[in-house]
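Visitor: Can you keep this structure in mind? I'll have questions shortly.
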Amino acid sequence: MTDDSDAPAGYSKHDTDPNSRASVSILLPAPLRDLLKEERRERAAAAQEQRWAEELRLVAQKPPPPRSPVPQAPRTSALADLNDEAGTIKAFDALIGRRTRRLFHPVIYGQEIVRVAKRALALRDKDYRKHELELLERIRAKGPLRRVASPGSAHGRWERSLRFLNAAHPHLNEVTSYVSSQVALSLRSKQPFTVPPIHLYGPPGIGKTHYSNDLAEALGTPLRRQSMENAQTASLFLGSERHWSNAACGIIFDQIVLGDVANPILLIDELDKAPSAGRYDPLAALHSLLEPTSAKNARDAALDMTFDASLVIYIATSNNPDRVPQTIRSRLREFEITPPTGEQALDAARTIVASAIEKLGVPGFLEPPARLAHQLGHLTAREITHAVRDAAARALVNGRLHLVLEDFPPETLELNRAPRYLH
């Protein structure tokens, strides 16, 4: 520490380079010494910001590991010809026993395909028959296996994703830690990766939905969002019966059997706003879907087809958990989400701005200094992303590869208002 006890009045000692043995102590007027110290602190902060920006750039630029193609079932005769049922079943199920269990998961079996096809062929209505046979042919062509998103298999990418989640959503670190423990468990287990159902509850506007989207990106799995605010039918998740004129498959069947991944994320938004009484309770199907044992034999009403939905990752959000039926809550791992602290909000704003710049994909576009990013700390994460994108477009129109305050509308910055929640 510099000793100023023997310095003349109004002067202070200043070390030219405190991190070097060649540092020299000189006497400077106190105001000049304070100015130099402040400049040194700013340079150190700028260097730290540059290192952080470089790390974020590496996260964004690191390509995900190549995905193994889903094995395709060998071609068989059309389903309209079921003279050889045993041969059709054997051909469809051929790849199940030879799969890598942690990478591929069977969601449908040949016996079920044949059973539903025989029933479809017996339909009198030609339009129904044609529609169902075409859908079955589409399923047969996809085969029984779906890819399993396995984030822990690419350690470097997952570790970088974890750092980003913790930095961009510091007030949800408990949730991130829980998901991370499930990833670690899957690495030591021979079972495919999934996460038990999660319930995030707390006041509106604190980033529950935005976090779910970032988590899906980190896990490398698709996300399907379903708002429950206007849900009016019990067929939402598992389809509607054929006797309805607008019969259709449910969203679970659509994501798994007609999709490509066995463990997608289903974001059930505003769970507390769903009507939960009456004959057409839209939450009724969740009682079985949230239980892995019964979800292995989920049944879609439109095709009367049974399939395996046990690996689906459910994330429910609500503002008032007391309005969610206890029978549903008992099946969910619950986390109360509170607004971030002021310091967390500023740190997160910096991370979100840096990420938004990277996602622009504009070569050479510079990350703004922390002071500018902090001016956006009162916005939600989604609002920050949109504001940065619009501001970057203005900067490019003006021939710049960096942002200035003038790129943001005054109402976006709102410099004189009290900060509100980041998310």
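Visitor: Filter the stretch 336-354 down to the residues that are outside any helix (DSSP H, G or I) and in contact with a Leu (Cβ under 6 Å, 6 or more places away or on another chain), then identify the one that is farthest from residue 384 (Cα to Cα). It would help to see each step written out before you state the result.
Guide: Initially, the stretch 336-354 is screened for residues outside any helix (DSSP H, G or I), giving 336-341.
Filter once more, so that each one left must be in contact with a Leu (Cβ under 6 Å, 6 or more places away or on another chain): 337, 340.
Values: 337: 20, 340: 15 Å.
My answer is 337.
Visitor: Take the residues of the stretch 293-340 that are surrounded by 14 or more Cβ atoms within 10 Å (Cβ to Cβ) and of a type in the set (Val, Ile, Thr): which is farthest from residue 128 (Cα to Cα)?
Guide: Filtering first and then ranking leaves 337.
Visitor: Show the residue pairs meeting these rules: Cβ distance below 9 Å; 6+ apart or different chains; first residue within the stretch 127-140 and buried (at least 18 other Cβ atoms within 10 Å of the Cβ); second residue modelled with pLDDT of 85 or more and not hydrophobic (A, V, I, L, M, F, W, C).
Guide: 132/119; 140/88; 140/110
Visitor: For the stretch 141-162, state whether one or more residues are within 20 Å of residue 340 (Cβ to Cβ) and in contact (Cβ under 8 Å) with a residue 12 or more places away in the chain.
Guide: As a first pass, look at the stretch 141-162 and keep what is within 20 Å of residue 340 (Cβ to Cβ): 161-162.
Going one step further and asking which of them are in contact (Cβ under 8 Å) with a residue 12 or more places away in the chain, we end up with 161-162.
Looking through the stretch 141-162, at least one residue is within 20 Å of residue 340 (Cβ to Cβ) and in contact (Cβ under 8 Å) with a residue 12 or more places away in the chain.
Visitor: Looking at the stretch 88-108, I want the residues that are farther than 16 Å from residue 148 by Cβ and have a partner that is of a type in the set (D, E, K, R) with Cβ atoms under 9 Å, at least 6 apart or on another chain. Which pairs are those?
Guide: Short answer, once both residue conditions are applied: 88/81; 88/140; 91/75; 92/140.
Visitor: Test of understanding: among 146, 119, which residue is loosely packed, with under 15 Cβ neighbours inside 10 Å and among the basic types (Lys, Arg)? First the steps, then the outcome.
Guide: On the way: 146 fails: loosely packed, with under 15 Cβ neighbours inside 10 Å.
Every option except 119 fails the conditions.
Visitor: Taking the residues in the stretch 191-212 that are polar (S, T, N, Q) and in a helix (DSSP H, G or I) as candidates, determine which candidate is farthest from residue 252 (Cα to Cα). Steps first, please.
Guide: Going residue by residue through the stretch 191-212, those that are polar (S, T, N, Q) are 191, 194, 209, 212.
Checking which are in a helix (DSSP H, G or I) leaves us with 209, 212.
On the way: 209: 19, 212: 18 Å.
Out of the qualifying residues, it is 209.
Visitor: Considering only residues that are not in a loop (DSSP other than H, G, I, E, B) and not polar (S, T, N, Q), which ones fall in the stretch 213-237? Steps first, please.
Guide: Keep residues of the stretch 213-237 that are not in a loop (DSSP other than H, G, I, E, B), which gives 213-219, 223-227.
Result: 214, 215, 216, 217, 218, 219, 223, 224, 225.
Visitor: Looking at this structure, is residue 109 modelled with pLDDT of 90 or more, hydroxyl-bearing (Ser, Thr, Tyr) and either in the same structural domain as residue 309 (by TED's automatic domain parsing) or under 38 Å from the mean Cα position of the chain (by Cα) (or both)? Give the derivation first.
Guide: Values: modelled with pLDDT of 90 or more: yes; hydroxyl-bearing (Ser, Thr, Tyr): yes; either in the same structural domain as residue 309 (by TED's automatic domain parsing) or under 38 Å from the mean Cα position of the chain (by Cα) (or both): yes.
Yes; evaluated as a whole, the condition is true for this residue.
Visitor: Taking the stretch 163-180 only, how many residues are surrounded by fewer than 18 Cβ atoms within 10 Å (Cβ to Cβ) and in contact (Cβ under 8 Å) with a residue 12 or more places away in the chain? Spell out how you get there, then give the answer.
Guide: The first filter runs over the stretch 163-180 and keeps only residues surrounded by fewer than 18 Cβ atoms within 10 Å (Cβ to Cβ), leaving 163, 166, 173-174, 177-178.
Subset that is in contact (Cβ under 8 Å) with a residue 12 or more places away in the chain: 163, 174, 178.
Residues meeting the conditions: 3.
Visitor: State all residues of the stretch 357-408 that are polar (S, T, N, Q) and without any contact (Cβ under 8 Å) to a residue 12 or more places away in the chain; if no residue qualifies, say none.
Guide: First pass over the stretch 357-408, keeping only residues polar (S, T, N, Q): 375, 380, 385, 398.
398, the sole residue that qualifies.
Visitor: Oh, and also: List the pairs whose first member sits in the stretch 251-267 and is assigned to a loop (DSSP other than H, G, I, E, B), whose second member is basic (Lys, Arg) and buried (at least 23 other Cβ atoms within 10 Å of the Cβ), and whose Cβ atoms are under 6 Å apart, counting only residues at least 6 apart or on separate chains?
Guide: Sorted first by the residue in the stretch 251-267, then by its partner, the pairs are 262/146.
Visitor: Could you check the stretch 175-215 and list, in sequence order, the residues that are within 26 Å of residue 384 (Cβ to Cβ) and not assigned by TED's automatic domain parsing to the domain that holds residue 309?
Guide: Scanning the stretch 175-215 gives 175, 176, 177, 178, 179, 180.
The values are calculated or read from the model by the stated rules, or taken from the named source; none is laboratory data. Keep in mind it's a predicted model, so treat the numbers as computed, not measured. Reconstructed Cβ throughout: ideal geometry from the backbone, glycine too, with neighbour counts over all protein chains shown.
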